[in-house]
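K.L.:
Before I ask anything, let me first share the structure, which is written out below as structure tokens.
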Amino acid sequence: MKLKRAKALEWTCKLGSSLCKSEAMNKLLKWSDNPKTNALSADDNDWIICAGLHTDDDKLRKKLLATNIIMGVAIQCTSNITTLENYISYTLAKDSTYIEFSVIRMVIIMFNIEHGVTAVLNYINNNYKEITNLEGYSNDDLREDISSLAKEIRNKKQRDKLKTFIESNKVSLNGTLDEELADLDNKLKTIDEKLHPFKVFFDKNVTKKSDNSTDID
């Protein structure tokens, strides 16, 4: 019964229910005051944490982002790039190692490929100096990470952002990763070619019908 209730609440959250938001915030505020006494149940975790990541309460959101319980499911439930970037910041402590950064990078992309790549790209661009100060950092490690990131790129905007970073830091990267960028361009070209028939169909059948439709008073 509890599982069914949790699922029902999860869907009301997805539909933007104020009831869901209210109940989730009540649970989160109690948890925030005393996590041990008011621990979130396994059945409730998903929808409560997702609702919490969309709250306007910045202090509560930061506390959630700094907590391991949001790993995976919470990353999946948000399309907010800034939230994902903040997750990286809050997860990395001052004494974090470069290996930990690499793991966080992979987790975000694994659980949220659509928005995770952009978030990681933004974070690397905006926090490059901090990354180079992490224990265990080396130019070779960074080059390997950027090379792996190139394989996850899904669109031209991400590709351009990656290329800009590579060109700005080619000394640290020991080169410009021309081969990786060439492979990426070929992949994006292939994707575009495969999607082209669907775009033509959409433009011909959906857009045209929409243009020809008339409102009825």
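K.L.:
For region 82-210, what does the equivalent ellipsoid look like in terms of its semi-axes, each the square root of 5 times an eigenvalue of the Cα gyration tensor, given largest first in whole Å?
P.N.:
Listed largest to smallest, the semi-axes of region 82-210 are 32, 18, 11 Å.
K.L.:
Using a cut-off of under 14 Å, list every residue of region 107-134 whose amide N is near the label point 7 Å from the Cα of residue 97 along the Cα-to-beta-carbon line.
P.N.:
Residues 134 qualify, since their backbone N sits under 14 Å from the label point.
K.L.:
Put a dot 7 Å past each Cα toward the Cβ at residue 141 and residue 129; how far apart are the dots in nm?
P.N.:
My value for the distance between the label points is 2.0 nm.
K.L.:
If you take all C-alpha pairs in region 133-182, what percent of them are over 16 Å apart?
P.N.:
36
Readers should treat all values here as calculations from the given coordinates under stated rules, not as data from a laboratory. On a predicted model such as this, the values are computed, not experimentally measured, just so you know. We place every Cβ from the backbone using ideal geometry, glycine too, and count neighbours over all the protein chains shown.
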